[in-house]
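Reviewing the structure listed below.
The values are calculated or read from the model by the stated rules, or taken from the named source; none is laboratory data. Model, not experiment: these values are computed from the prediction. Ideal geometry is used to build each Cβ from the backbone, glycine not excepted, and the neighbour counts take in all protein chains shown. Accessible surface areas use protein heavy atoms only, side chains included; no ligands, DNA or RNA. Shrake-Rupley method; radii C 1.70, N 1.55, O 1.52, S 1.80 Å.
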Amino acid sequence: MGVIDIPMLSEPSNATAADILAGLTEPQREAAAHTEGPLLVLAGAGSGKTSVITRRAAYIAATVARPHEVLAITFTNKAAGEMRDRVEALGFGRSMTVCTFHSLCARLLRVYHNAVGLSQNFTIYDQDDSRAVIKRAIRSCEFDSSNWPVSKVQAQISHAKNDLLDPDAFEKNATHWHEEQLSRLYFAYQKILTKEQGLDFDDLLMKTALALQHDEELRARLEDRYRYVLIDEYQDTNEAQYRIAHLLTQKHGNLCATGDPDQSIYGWRGANIKNILRFEEDHEGAKVVRLEQNYRSTKRILSAASRLILANAHRKKKDLWTENPEGKKVRVVECENAEEEADFICAQLRQAMSGGRSANDLAIFYRLSSLSLALELALTRAGVPYQIARGQAFYGRREIKDLLAYIRVLINPADATSLRRIINTPTRGIGKTTVSKLETAAQRTGRSMLDVVMDPAELQALGRGGTRVAEFARLLQELKPYTDGPAADALRSVFDKSGLHASLRGQETVDEIPLENVDNLIAEAKKFDEAEPEGTLVNWLEQTALLGDADTIDEHAGRVTLMTLHASKGLEFPMVFIVGLEDELLPFRRDQDDWGDKEEERRLCFVGMTRTKEELTLTHTRWRMRRGRIQRNVRSPFIEELPAEEIEWLPEQTDGFSTAGSRHGRSAPSGQLPHDIEQWQVGTLVRHPRYDLGQVIAIRRGASRTHATIKFQSGDQQTFVLEFADLTRVDFDEVG
DNA sequence: CTACCGGATTTTTTT
DNA sequence: AATCCGGTAG
């Protein structure tokens with residue numbers, strides 16, 4: 001990361017203040033050596049920010065505080081791990097708290113669960129879990145599900161929580177009928193979560209923020225515990241995170257925020273770019289340091305990215321510069337469709353690798369994770385090893401969720417959602433009617449559903465279904481003791497004894513993939529058990545629940561890395577490909593009435609480009625399948641915003657024939673469709689704006705281009721690339 | 001209670 | 001295009 005590396009110490013003794021600051025530039029040193037009072041570091045892309053904040057944390061530990069008094073909040077768990085390692089390498093041990101907002105909150109709530117009325121073993125609900133609960137809430141309120149789409153309700157509740165509105169506050173704030181109705185759903189949703197001791201991602205933040213706000217004693221304790229607070233990627237904090245940051249630093253005032261408004265890309269999930277823009281107003285006398293020298297990218301890449309971001313109207317001016325070499329031009333490549341785009345990139349990757357590049361150096365970014373599919377296929381076919389950044393997606397797999405649901409039930413007896421999931425998985429003859437009988441019994445007696453399941457007296461009343469449930473109860477009893485042991489053992493035992501293993505193996509079409517996934521899960525758990533001998537199953541579950549997409553990548557894996565543009569934030573690669581630079585895809589637009597946030601989309605593109613150290617390629621296609629339909633594309637307006645002198649076009653733009661001749665004319669050709677091209681053959685009659693009528697006399701089809709030689713009426717003979725030449729097909733009877 | 005069939009719907013981005 | 005959900009038949 002960055003050019004500036006922390007000097008390695010020969011002995012484990014603490015680095016001195018001078019060691020820590022060695023080799024920093026003036027502004028970097030200014031930031032790293034600032035200890036008391038609020039500090040804002042406006043760090044441009046690639047300005048060595050990570051190194052600076054790590055050193056600042058170490059510097060504080062070396063001069064004014066003990067390591068455990070420092071709290072550093074990063075954007076991903078992976079970044080946290082790296083920072084922890086570096087601080088340790090400087091000789092300050094592992095007692096510094098370095099984590100993400102969500103894991104900090106989870107940890108605090110685990111410790112202070114009494115203060116917020118939670119069970120210590122609360123479960124963290126991921127998006128899918130939360131979605132399922134929302135569905136139940138909608139049903140319980142007897143709302144028409146067609147008027148209350150789950151994903152919309154979920155998003156709105158999420159926003160409410162990000163704004164620290166609990167159901168009561170939300171109801172009070174409601175101004176429209178719609179909001180009043182929504183508040184009923186919110187109440188119902190929260191009621192279920194509370195009953196099941198489940199917290200969704202937003203609850204982690206909201207509950208912590210509200211607890212800090214209302215519980216003076218708790219706040220006082222934590223303020224003194226964390227006397228120095230550093231928050232990275234401050235431009236992407238939401239209201240809840242902002243509040244937590246402020247509540248924690250009220251007394252000592254040692255809040256250090258680092259970030260870059262140009263890299264704010266999470267507005268859609270409640271991040272408020274104003275948090276960073278108004279830092280100076282919020283903190284009188286705050287010191288502000290700007291880091292504008294880029295150590296990462298070549299001049300050309302930096303110039304292209306800077307020009308792009310210049311198009312944003314609402315922006316704090318910033319001038320990035322670099323002393324790095326000029327480098328190669330940024331390539332813009334047009335492809336026919338996603339398959340050719342993928343093939344092209346594969347060929348480029350192979351070429352780069354045979355030219356001596358390590359696969360670790362290579363990355364492909366895309367706007368939508370669905371775009372990874374074509375790439376994966378091509379990479380597999382070409383035998384290029386790759387890894388994909390996806391955290392939650394893995395844990396969303398059915399077999400994984402099933403297995404985890406068992407663990408959850410064993411840990412948190414209130415978790416009826418998980419209980420419902422596993423009670424008949426694998427099928428053991430417990431159907432809907434039996435389950436609803438169990439539910440009624442639970443309601444009647446005011447106990448949890450699990451209590452009823454475990455109560456032989458209740459089961460007797462269920463008749464035949466009851467014996468099946470009794471067997472299930474025995475199973476849970478048998479599994480329970482494993483929750484005290486290592487996570488890997490618990491998983492293995494549950495998988496084998498629950499029948500999940502047998503059911504996956506028993507299918508006629510034995511699908512190896514689910515079994516592999518489970519093996520991987522258990523292997524991960526084993527790693528956890530080894531790395532953290534003190535860790536409990538609850539800890540492991542929490543860690544997996546909070547795992548982000550970017551956390552799963554390993555930069556030394558010897559593989560090409562694929563990820564979304566969002567996940568690429570904070571990373572860097574020597575050679576980068578960004579695919580799908582098409583209108584409505586890279587400035588993304590969901591549907592007709594969605595205008596999206598074009599500036600945020602532009603920042604997203606900027607983030608992707610500025611990940612690149614040496615070689616950047618942007619690709620777009622003429623055709624792409626979207627939601628099952630093939631769609632024609634217009635090149636992304638972002639491409640037009642790049643400085644022409646830094647761009648190399650592929651295929652070259654100099655056909656010399658096209659009347660429009662402009663880049664725009666190309667991006668939205670009005671001529672024949674490429675579909676049509678498939679049907680062109682020797683003998684096809686065509687018309688060209690300059691040569692007029694002609695006939696195809698030879699045709700050669702390549703991977704992404706079709707070359708055709710045309711003999712014209714005038715006697716001229718020319719070879720064209722059909723995809724780009726302004727040729728139209730002419731019907732025989734049109735020829736007069 | 002399970003299995004199967006057909007219509008509807010989808011995630012944009014993530015902790 | 002692929003998956004998921006709900007309804008119905010066995």
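Once R0 is set to 35 Å, what does the formula 1/(1 + (r/R0)^6) return for the Cβ-Cβ distance between residue A:598 and residue A:380, expressed as a FRET efficiency to the nearest 0.05?
Values: r = 35 Å, r/R0 = 1.00.
Result of the calculation: an efficiency of 0.50.
Compute the distribution of all C-alpha to C-alpha distances in segment A:478-567, in bins of 5 Å from 0, and list the percent of pairs in each, rounded to whole numbers.
3, 12, 17, 19, 18, 14, 11, 5, 1, 0
What shape does chain A take by its C-alpha gyration tensor, where a ≥ b ≥ c are the square roots of the eigenvalues and a/c under 1.5 counts as rounded, a/b above b/c as prolate, and the rest as oblate? Let's see the in-between values first.
Details: a/c = 1.95, a/b = 1.33, b/c = 1.47.
It is oblate, given that a/c is not under 1.5 and a/b is not larger than b/c.
Say each of residue A:127 and residue A:151 gets a label point 7 Å from the Cα, pointing the same way as Cα to Cβ; how far apart are those two points in nm?
In this crude spin-label approximation the distance works out to 0.9 nm.
What net charge is computed for the residues neighbouring residue A:577, neighbours being all others with C-beta under 10 Å from the C-beta of residue A:577, Lys and Arg scored +1, Asp and Glu -1? Could the numbers behind the result be given before it?
On the way: positive: A:331; negative: A:341, A:615.
Neighbour charge sum, excluding residue A:577 itself: -1.
On full extension of the chain, what length is gained from residue A:634 through residue A:33, given 0.36 nm per residue of separation minus the C-alpha to C-alpha distance?
211.4 nm
Distance in nm between label sites at residue A:288 and residue A:370, each 7 Å beyond Cα in the beta-carbon direction?
Here the answer is 4.2 nm between the modelled labels.
List the lysines whose Cα lies under 19 Å from the Cα of residue A:328, skipping any in the same chain that are fewer than 8 positions away.
Excluding near neighbours in sequence, the set is A:299, A:613.
Along each of the three principal axes of the Cα atoms of segment A:328-479, give the extent in whole Å, ordering the values from largest to smallest.
76, 29, 25
At q = 0.09, 0.18, 0.24 Å⁻¹, what is the base-10 log of I(q)/I(0) for segment A:283-397 according to the Debye formula with one equal point scatterer per Cα and no solvent? Please give it to two decimals.
-0.40, -1.12, -1.32
Compute the length gained on full extension between residue A:66 and residue A:436: take 0.36 nm times their separation in residues and subtract their Cα-Cα distance, giving the result in nm to one decimal.
That pair, residue A:66 and residue A:436, stretches by 127.6 nm at full extension.
Could you tally the net charge around residue A:378, taking each other residue with its Cβ under 12 Å from the Cβ of residue A:378, Lys/Arg +1 and Asp/Glu -1? Display every interim value, and only then the final one.
Working: positive: A:350, A:381; negative: A:339, A:340, A:341, A:343, A:376.
Taking every other residue near residue A:378 into account, the sum is -3.
Kindly sort A:434, A:445 by accessible area of their heavy atoms, largest first, with the probe set to 1.4 Å.
So, going from the largest accessible area down, we get A:445, A:434.
Based only on the alpha carbon positions, what is the Kirkwood hydrodynamic radius of segment A:260-313, in angstrom?
When all Cα pairs of segment A:260-313 are included, the Kirkwood radius is 13.5 Å.
Kirkwood Rh over alpha-carbon pairs of segment A:79-221, then Stokes-Einstein at 20 °C and 1.002 mPa s: what D in µm² s⁻¹, rounded to an integer?
Working: Rh = 16.7 Å.
D, rounded to a whole number, is 128 µm²/s.
Ordering A:455, A:319 from largest to smallest accessible area (1.4 angstrom probe), what's the sequence?
The ordering from most to least exposed comes out as A:319, A:455.
Residues of segment A:14-56 with backbone nitrogen within less than 11 Å of a virtual label 7 Å along the Cα-to-Cβ line of residue A:316, please, listed as ranges.
Backbone N within reach: A:40-44.
Rg and Dmax of segment A:377-451, Cα atoms, in Å?
18.5, 62
Pull up the cross-link candidates among the aspartates and glutamates for residue A:437, meaning alpha carbon to alpha carbon under 14 Å and not fewer than 8 places away within one chain.
Once the sequence-local aspartates and glutamates are set aside, what remains near residue A:437 is A:451, A:455, A:458.
Apply the Debye scattering formula to segment A:434-479, with a single equal point scatterer on each alpha-carbon and no solvent, then give log10 I(q)/I(0) at q = 0.20, 0.24, 0.30, 0.32 Å⁻¹.
-0.54, -0.77, -1.13, -1.23
Could you work out what % of the accessible surface of segment A:62-210 is carbon and sulfur, using a 1.4 angstrom probe and leaving DNA, RNA and ligands out of the count?
About 49 percent, which is the carbon plus sulfur part of the accessible surface.
Which FRET efficiency value, to the nearest 0.05, do you get for residue A:347 and residue A:584 by plugging their Cβ-Cβ distance into 1/(1 + (r/R0)^6) with R0 = 41 Å? Kindly include the intermediate steps, with their values, before the conclusion.
Numbers: r = 27 Å, r/R0 = 0.67.
E between residue A:347 and residue A:584, to the nearest 0.05, is 0.90.
Rounded, prolate or oblate, given the Cα gyration tensor of segment A:224-336, with a/c below 1.5 counting as rounded?
Prolate, because a/c is 1.5 or more and a/b exceeds b/c.
Just to verify a number: what accessible area does residue A:295 come out at with the full protein assembly present, 1.4 Å probe, Å² rounded to tens?
My reading of the accessible area for residue A:295 is about 40 Å².
Whole number in Å², please: accessible area per residue of segment A:325-451, 1.4 Å probe, ligands, DNA and RNA not counted. Let's see the in-between values first.
Values: 5480 Å² over 127 residues.
Ligands and nucleic acids excluded, the result is 43 Å² per residue.
Determine which aspartates and glutamates satisfy two conditions relative to residue A:191: a Cα distance under 14 Å, and not lying fewer than 8 residues away in the same chain.
Output for residue A:191: A:166, A:168, A:200, A:203, A:415.
If I fit a long axis through the Cα atoms of helix A:150-162 and take the longest principal axis of the Cα atoms of chain A, what angle between them do I get, 0 to 90°, rounded to 10?
Once rounded, the angle reads 70 degrees.
What ratio of Cα Rg to 2.2 N^0.38 Å holds for segment A:132-181?
1.12
Ignoring any ligand, DNA or RNA, what whole percent of the accessible area of segment A:510-637 comes from carbon and sulfur when the probe is 1.4 angstrom?
Carbon and sulfur atoms account for 47 percent of the accessible area of segment A:510-637.
Please give the solvent-accessible surface of residue A:522 in Å², to the nearest 10, using a probe radius of 1.4 Å with every protein chain present.
Solvent-accessible area, nearest 10 Å²: 10 Å².
What number comes out for the charge environment of residue A:477, summing +1 per Lys or Arg and -1 per Asp or Glu over other residues with Cβ under 12 Å away?
Result for the neighbourhood of residue A:477: +1.
Over its Cα atoms, what ratio of radius of gyration to 2.2 N^0.38 Å does segment A:153-243 give? Mind dumping the intermediate values first?
On the way: Rg = 14.8 Å, N = 91, 2.2 N^0.38 = 12.2 Å.
That ratio works out to 1.21.
Along each of its three principal axes, how wide is the spread of alpha-carbon positions in segment A:9-140, in whole angstrom units, largest first?
Principal extents (Cα only, largest first): 63, 32, 29 Å.
So what is the relative contact order for chain A, in percent, with contacts set as C-alpha pairs under 8 Å and at least six apart? Present the calculation step by step, with values, prior to reporting the outcome.
Details: 1207 pairs, mean separation 108.6, N = 736.
About 15 percent, as a whole number.
Averaged per residue, what accessible area in Å² does segment A:148-219 show with a 1.4 Å probe, protein chains only?
I get 47 Å² per residue for this part.
Of A:323, A:376, A:555, which has the most accessible area and how do the rest follow, probe 1.4 Å?
Largest accessible area first, the list is A:323, A:555, A:376.
Solvent-accessible area of residue A:353, probe 1.4 Å, all protein chains present, reported in Å² to the nearest ten, please.
Using a 1.4 Å probe on the heavy atoms, I get roughly 60 Å².
Quick one: Debye curve from the alpha-carbon atoms of segment A:501-628 only, equal weights, vacuum; give me log10 I(q)/I(0) at q = 0.09, 0.11, 0.16 Å⁻¹ to two decimals.
-0.46, -0.66, -1.01
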